[in-house]
1. How many residues, within segment 151-180, are in a loop (DSSP other than H, G, I, E, B) and within 11 Å of the ligand (Cβ to nearest atom)?
2. Does residue 44 qualify as being buried (at least 18 other Cβ atoms within 10 Å of the Cβ) and at pLDDT 95 or above?
3. Give me a count of the residues in segment 183-202 that are part of a helix (DSSP H, G or I) and within 16 Å of the ligand (Cβ to nearest atom).
4. Looking only at segment 355-367, count how many residues are surrounded by 12 or more Cβ atoms within 10 Å (Cβ to Cβ) and farther than 20 Å from residue 447 by Cα.
5. Looking at the structure I just gave you, is residue 410 touching a residue at least 60 places away in the same chain (Cβ under 8 Å) and part of a strand (DSSP E or B)?
6. When you look at residue 126, is it outside the structural domain of residue 13 (by TED's automatic domain parsing), in contact (Cβ under 8 Å) with a residue 24 or more places away in the chain, away from the ligand (no atom under 13 Å from the Cβ) and of a type outside the set (D, E, K, R), yes or no?
7. Please go through segment 52-95 and give me each residue that is farther than 26 Å from residue 161 by Cα and part of a loop (DSSP other than H, G, I, E, B), ordered by number.
8. Limited to segment 287-324, what total is found for residues that are in contact (Cβ under 8 Å) with a residue 60 or more places away in the chain, buried (at least 20 other Cβ atoms within 10 Å of the Cβ) and over 17 Å from residue 105 (Cβ atoms)?
Amino acid sequence: MFKKILIANRGEIALRIIRTCREMGIKTVAVYSTADRESLHVRFADESVCIGPPASRQSYLDVKSIISAAEVTGADAIHPGYGFLSENAEFSRVCAEYGIKFIGATAEQINQMGDKATAKATMRAAGVPVIPGSDGLLDSVEEGKVLAAEMGYPVIVKATAGGGGRGMRVINSADEFQKAWDDARQESGAAFGNDALYLEKFIEEPRHIEVQIVGDQFGRVCHLSERDCSIQRRHQKLVEETPSPIITAELRDQMGAAAIKGASSIGYEGAGTIEFLVDKHGKFYFMEMNTRIQVEHPITEEVTNFDLIKEQIKVAAGEPISGKNYYPKVFAMECRINAEDPAHNFRPSPGKITSLHFPGGHGIRIDSHVYAGYTIPPNYDSMIAKLIVSGQSREEVITRMKRALQEFVIEGIKTTIPFHIRLMDDPSFKEGNFTTKFLESFDFSGL
Ligand code: MV4
């Protein structure tokens, strides 16, 4: 087992990783930018190293500084958390070169899944259902138009280097094709330095359902059931839950088996997520694979009673997984509490937290790095806490979530709490009747 893990991240996920390391008897090294001097991850780690100024590029994304910090402190592994360098193939490769275990996917696996057209071809070859569309990249706009006419509109063009909704355009008819093509190419070229596109049939009003998997170094992969992440705004998830209200035991087994087939086909090692779109007929299609631990992993931990960070560390150290799958025993939901003003287009609201009270009681878990008197820097992600609620039924979880949100006090900044309170009272949400378009028609006024 590792003796010392460097955590190449900040905020709540850095704390989350430190907590599990403590329980496993592993020493920890925090790295921090000058904006994070007063952060809890720095205080709770056994050692800490300042790696640069506030800008992420010069600190949490600076491979050289992080590798030197690991060398200087003698860390034998690096946990990248989510975001930052977690899906950076070059970083994974450099760690391997320096003999430091990267707790995550190999450079090859990150590259294979980071290129969306390649990921899709790999999954299709493994027998995972994929969205009908072009066989790989499109060579020309003419080829795209011919294929779209054959498949029927609406279609969607997507950047192979894309993700998070960037570099994609929905096309409703042939006369819109050229402009959508040009816009998607321009956007993906500028954002990713790669303007290659592929085409798919557009799935209208889908659910976003993802399956958690874990693979070990012996080629074994298990799944830990699904998370429903359909409640998103501009590709930012706000609420996640498990089990999904639309997933039957039969569908769970089918999607779990597909996720395992896909991950096994690339010898996937570590924790990962296979994202699917589920259409209104309950048909599911592979969309993307995330080769990292995700923000919403705690809801899976709560319903399966399984520490995913501990499992990541164990498989990275070469321990085998049990080989069985994990199914939800209870219900759980996560609300992301962001330092944003929901009444004004979720504009960032950094600043000092003047007063703070966390809710408590049965079924409540809070993963957060903030405290009374803490100043949220403007340089990073606006998520300041995850409120994770579990219960015996979905109804109980929603009732308890609303109670916890009402008990939550954060003064000095605006947060997404008022939005979540309104959502918990929404009749369609309460019925489990929503798609990825749900928030497009939500009333955010007066929050
Ligand atoms: C789609 C789609 C409908 N049909 N692909 C959004 C992010 C990127 N990962 C892929 N996305 C989508 N791809 C086809 N063929 C709809 C979306 C989509 C979406 C997916 C999941 C969650 C929220 C979404 C919001 C808008 C669009």
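1. Step one: of segment 151-180, the residues in a loop (DSSP other than H, G, I, E, B) are 152-154, 164-165, 172-173.
With the extra rule that they be within 11 Å of the ligand (Cβ to nearest atom), the set shrinks to 154, 164-165.
Here the count works out to 3.
2. Numbers: buried (at least 18 other Cβ atoms within 10 Å of the Cβ): no; at pLDDT 95 or above: yes.
So residue 44 fails the test.
3. In the first step, residues of segment 183-202 are kept if they are part of a helix (DSSP H, G or I); the result is 183-192.
Those left that are additionally within 16 Å of the ligand (Cβ to nearest atom): 183-184, 187-188, 191-192.
Qualifying residue count, segment 183-202: 6.
4. 7
5. Against the criterion (touching a residue at least 60 places away in the same chain (Cβ under 8 Å) and part of a strand (DSSP E or B)), residue 410 qualifies.
6. Working: outside the structural domain of residue 13 (by TED's automatic domain parsing): yes; in contact (Cβ under 8 Å) with a residue 24 or more places away in the chain: yes; away from the ligand (no atom under 13 Å from the Cβ): yes; of a type outside the set (D, E, K, R): yes.
Yes, satisfied.
7. Hits for segment 52-95 are 53, 54, 74, 75, 76.
8. 9
The values are calculated or read from the model by the stated rules, or taken from the named source; none is laboratory data. Since the model is a prediction, treat every value here as computed from it, not as a measurement. Neighbour counts run over all protein chains shown; Cβ positions are idealised from the backbone, glycine included.
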